[in-house]
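Data block below; observations after.
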Amino acid sequence: MMTHRQRMLMAMRGEMPDILPYVPRIDLWYNANSVAGTLPKKHKGRTQDEISRAEGWALHKIVPEYLKVRKPEHSLHRAIGIYSLKELVFRCKFSSDVDIKVNREGDVTHVEYHTPVGMVSTATIYTEEMRKAGASITWVKEHVIKKPEDYRVVGYIFENLELIPDFDDFMKWKNDIGEDGVAATRGCGLGGASPMHFIQKDFIDATEFYYHYHDHQKEMRALAGIIEDYFNQALKIIADSPGEAVLWGSNFDDMITYPSLFEKEMLPWIRKAADILGSKGKIVICHCDGENLGLMDLIRDSGMDVAEAVTPYPMTKVKIEEYYQRWSDKLTIWGGIPEVLLMEKTATDEDLECYLDHLFKAVAPGRRFIVGIGDTTPAHAVFDRLVRIGERVEKEGRLPLEGGGARPISEAQLAEAAARVIPQLVEDEAFKVIQDDVLKGNHIEIKRHAKEMLGKGVSAKDVLHRGMISAMEVISEQFKAGDVFIPEVLLSARAMNEALLVLEPYLASEKKEVRGRVLIGTVQGDMHDIGKNMVIAMLRGVGFEIKDMGVNVPTERIVEQVSKYKPDILGLSALLTTTMPQMKKVIDALKDRGFRERVKVIIGGAPVNEKFAKAIGADGYAPDAGEAVDLVKKLVKKGYEQVL
């Protein structure tokens, strides 16, 4: 009988094992329920691996356990992408002329790096709240690159960094796993697929990266060039290591790592890693947990062997049958079970059963497929559903599978999608120069052009509405259609905001028209903000007044802000399944204070859906920033009509 490891390796290499491997990732679920004392009764007192072994599941050992370090200092440099983990096969030694100062204040760890060319600083945080939520890594509160001058200092640190092969801890860990799973070592940082991706993921705020990529190419390129040497050293050590599989690149998403960025900055390095590591018989794995619609061909042709954490529809736009049809000839798909199907608030038992009925037909004959959770088992998952998936895989996952239930996407459907009509800008000749500035993200020239128009007697209101908002409406529609991505939206929004600084004094005297007031924030326990920032940029761009509460916002503060600000719309964001319940707490608190009827509540974020929105009593749900704009317009208009 084959072992879990043998089945997994066969599937990864494109061979046909006896049965579909089932490898659920349960670290976040385990962490949260272990702290809360809510592990299933039969598993009380067991470790995460003991639970998987007791259930007969393979061990998921692809994503490192960032918090399980031997000494606190081993995770001290997390904010510059340097770790000392059992999953790594090298360690880093700083130059003697880099003076490192550490200061811990409660939950926050501050680190300063003093070098001969300057100083940079970072701050990371790990709270009791995060621990209870099952968070598996600290959060970066202060990024190392905040201004252009910081690039040179970070470059000095990495230029003088020494990489030392160290296989001891990895081998001990690998031996502990044995035949129950595949122990994957990893590349650089938090999953950087290339030097530029490393900069994006580890050094700069998620939103600020796009501004820096546009404004500071010279500094970025210089740093990326230095980090290339770091990557080459790491690649050589990994190639000569005892690891069988290597995690090289994480968190791909067609909005964040948009197609042109992926193709230019990441694809060449994935191919290079695949060539070098493949020549040594190693399997290259990428953590593809995001929206991959715009990256389907790029990922397929990247040279990677395994796309892990694949999260299909209904959490993203790509259905599991399309993934299998387009990828399974070249790479192994690991995942396929959307995590929303594991929670009572977002799916029923019947929903899961129907999905599994479809899955076994959609991935026939079953070659190059590993059943797993995309991305990970949420804290509030129904454990019996994990068990049920395992039972059905055992019963129905014998290979080869019989197909017949999944209908492939026809050429006509693809052609129809490709020929969709994208809204075009209705050019207003008098305001064309302002419209072009917004569309091109020209935040410098737009101020001069706005002043010139005001000087000619054009009203600030017309410059705003006929010039700027008309252009942002088009950007919004193009974003929804997938024809522009995060950078274009952010740069256009920045250009508009710069012009508003010129217009504001005139708008005040002209009585500026506002479409509505929106209060928005990421709920308590969640530090993610890029999705929220996108919604803000697009709503502000089409004329809404926005109050941003930031991230990790306590329920009481949200209620206070609703009372004070009196918004038409309250937008709540959550990217973590563990923070989804906070949304209901906010709605319940609004009811208790008598504010619920005064404001429409909308929610968004990867783990939430329409069913969850209805279950908690929200007024609407939007899957992305473009849909959020439409939803807000609809709700504000509906509220206005009700008042009339």
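If you go through the stretch 63-95 and pick out every residue that is within 16 Å of Trp29 (Cβ to Cβ) and buried (at least 21 other Cβ atoms within 10 Å of the Cβ), you end up with 1. State yes or no: is Val340 open to solvent by 60 Å² or more (accessible area, probe 1.4 Å), at pLDDT below 95 and β-branched (Val, Ile, Thr)? When the stated conditions are applied, Val340 does not pass them. Given the residues Leu576, Leu539, Leu503, which is the only one that is among the hydrophobic types (A, V, I, L, M, F, W, C), closer than 28 Å to Glu129 by Cα, out of contact with any Lys or Arg (no Cβ under 6 Å at 6 or more places or on another chain) and crowded, with 23+ Cβ neighbours inside 10 Å? Within the list Leu576, Leu539, Leu503, the selection yields Leu576. Restricting the stretch 134-144 to residues that are in a loop (DSSP other than H, G, I, E, B) and more than 18 Å from Lys68 (Cβ to Cβ), the residue that is most open to solvent (accessible area, probe 1.4 Å) is His143. Within the stretch 207-241, restricting attention to residues that are farther than 21 Å from Arg186 by Cα and among the polar types (S, T, N, Q), the residue that is nearest to the chain's Cα centre (by Cα) is Thr207.
For the stretch 346-384, filtered to residues that are buried (at least 19 other Cβ atoms within 10 Å of the Cβ) and among the charged types (D, E, K, R), the residue that is farthest from Ile62 (Cα to Cα) is Arg367. Just one residue in the set Lys451, Lys447, Lys461, Lys432 is in a helix (DSSP H, G or I), crowded, with 18+ Cβ neighbours inside 10 Å and not hydrophobic (A, V, I, L, M, F, W, C); that residue is Lys447. For Val562, the test of being in contact (Cβ under 8 Å) with a residue 12 or more places away in the chain and within 28 Å of the chain's Cα centre (by Cα) is failed. Taken as a whole, the structure leaves Lys101 outside the set of residues that are open to solvent by 20 Å² or more (accessible area, probe 1.4 Å), out of contact with any Gly (no Cβ under 9 Å at 6 or more places or on another chain) and farther than 19 Å from Glu142 by Cα.
One line per residue, one yes/no per condition, for (1) within 30 Å of Asp205 (Cβ to Cβ); (2) in a strand (DSSP E or B); (3) open to solvent by less than 10 Å² (accessible area, probe 1.4 Å):
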| position | (1), (2), (3) |
| --- | --- |
| Glu560 | yes, no, no |
| Ser563 | no, no, no |
| Gly571 | yes, yes, yes |
| Val586 | yes, no, yes |
| Ala613 | yes, no, yes |
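Would you be able to say whether some residue in the stretch 173-182 is open to solvent by less than 60 Å² (accessible area, probe 1.4 Å), closer than 20 Å to Cys92 by Cβ, touching a Ser or Thr at 6+ places or on another chain (Cβ under 7 Å) and modelled with pLDDT of 95 or more? No, because not a single residue in the stretch 173-182 is open to solvent by less than 60 Å² (accessible area, probe 1.4 Å), closer than 20 Å to Cys92 by Cβ, touching a Ser or Thr at 6+ places or on another chain (Cβ under 7 Å) and modelled with pLDDT of 95 or more. Looking at Ser476, is it open to solvent by less than 20 Å² (accessible area, probe 1.4 Å) and among the hydroxyl-bearing types (Ser, Thr, Tyr)? Taking the combined requirement at face value, the residue satisfies it. Considering only residues that are farther than 25 Å from His449 by Cα and more than 17 Å from the chain's Cα centre (by Cα), which ones fall in the stretch 483-496? Residue satisfying the conditions is Asp483 alone. Within the stretch 618-636, residues that are in contact (Cβ under 8 Å) with a residue 60 or more places away in the chain reach partners that are charged (D, E, K, R) and assigned to a helix (DSSP H, G or I) with beta carbons closer than 6 Å, at six or more positions or on different chains, in the pairs Gly626/Lys480. Do we have any residue at all in the stretch 210-226 that's surrounded by fewer than 18 Cβ atoms within 10 Å (Cβ to Cβ), farther than 15 Å from Gly278 by Cβ and of a type in the set (Phe, Trp, Tyr)? Within the stretch 210-226, one or more residues are surrounded by fewer than 18 Cβ atoms within 10 Å (Cβ to Cβ), farther than 15 Å from Gly278 by Cβ and of a type in the set (Phe, Trp, Tyr).
Here Met10 meets the list (1) open to solvent by 40 Å² or more (accessible area, probe 1.4 Å); (2) over 28 Å from Thr138 (Cβ atoms); (3) part of a loop (DSSP other than H, G, I, E, B) almost entirely, failing just condition (3).
Residues checked against (1) of a type in the set (Ser, Thr, Tyr); (2) under 28 Å from Gly37 (Cα atoms):
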{"residue": "Ala54", "(1), (2)": "no, yes"}
{"residue": "Ala58", "(1), (2)": "no, yes"}
{"residue": "Ile62", "(1), (2)": "no, yes"}
{"residue": "Tyr83", "(1), (2)": "yes, no"}
{"residue": "Phe90", "(1), (2)": "no, no"}
{"residue": "Pro116", "(1), (2)": "no, no"}
{"residue": "Thr127", "(1), (2)": "yes, yes"}
{"residue": "Val153", "(1), (2)": "no, no"}
{"residue": "Phe167", "(1), (2)": "no, no"}
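Rundown of residues vs (1) among the β-branched types (Val, Ile, Thr); (2) in a helix (DSSP H, G or I); (3) without any contact (Cβ under 8 Å) to a residue 40 or more places away in the chain, yes/no style:
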| site | (1), (2), (3) |
| --- | --- |
| Lys132 | no, yes, no |
| Pro148 | no, no, no |
| Val154 | yes, yes, no |
| Asn175 | no, yes, yes |
| Leu190 | no, no, no |
| Met196 | no, yes, no |
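When the stretch 315-327 is filtered for residues that are closer than 17 Å to Gly397 by Cα and either surrounded by fewer than 22 Cβ atoms within 10 Å (Cβ to Cβ) or not charged (D, E, K, R) (or both), the ones remaining, listed by number, are Ile320, Tyr324.
Val393: closer than 18 Å to His60 by Cβ, modelled with pLDDT of 90 or more, more than 27 Å from the chain's Cα centre (by Cα) and buried (at least 16 other Cβ atoms within 10 Å of the Cβ), yes or no? Answer is yes for this residue. Among residues of the stretch 506-536 being under 22 Å from Val474 (Cβ atoms), of a type outside the set (Gly, Ala, Ser) and outside any helix (DSSP H, G or I), the one that is least open to solvent (accessible area, probe 1.4 Å) is Val518.
Listed conditions (1) of a type outside the set (Gly, Ala, Ser); (2) over 23 Å from Pro148 (Cβ atoms); (3) open to solvent by less than 60 Å² (accessible area, probe 1.4 Å) are all met by Glu129, apart from (3). The condition of being closer than 24 Å to Arg271 by Cβ, surrounded by fewer than 19 Cβ atoms within 10 Å (Cβ to Cβ) and not aromatic (Phe, Trp, Tyr) holds for only one of Asp229, Asp168, Asp205, Asp254, that being Asp229. Going through (1) more than 30 Å from the chain's Cα centre (by Cα); (2) at pLDDT 95 or above; (3) open to solvent by 50 Å² or more (accessible area, probe 1.4 Å); (4) not basic (Lys, Arg) one by one, Glu402 falls short only on (2). Pairs are defined by a Cβ separation below 6 Å, a sequence spacing of at least 6 or placement on different chains, a first member in the stretch 264-292 that is open to solvent by 60 Å² or more (accessible area, probe 1.4 Å), and a second member that is at pLDDT 95 or above; the pairs so defined are Arg271/Gly303; Ile276/Leu235; Ile276/Ala239; Lys280/Ala239.
Taking (1) within 20 Å of the chain's Cα centre (by Cα); (2) in contact (Cβ under 8 Å) with a residue 40 or more places away in the chain; (3) crowded, with 18+ Cβ neighbours inside 10 Å in turn, Val553 satisfies each apart from (2). Looking only at residues in the stretch 293-310 that are more than 16 Å from the chain's Cα centre (by Cα) and small (Gly, Ala, Ser), which one is most open to solvent (accessible area, probe 1.4 Å)? Only one residue tops the list, namely Gly303.
The values are calculated or read from the model by the stated rules, or taken from the named source; none is laboratory data. For clarity, every value in this text was computed on a predicted model and none was experimentally measured. Neighbour counts are summed over all protein chains in view; Cβ atoms, including those assigned to glycine, are modelled from backbone coordinates with ideal geometry. Accessible surface areas use protein heavy atoms only, side chains included; no ligands, DNA or RNA. Shrake-Rupley method; radii C 1.70, N 1.55, O 1.52, S 1.80 Å.
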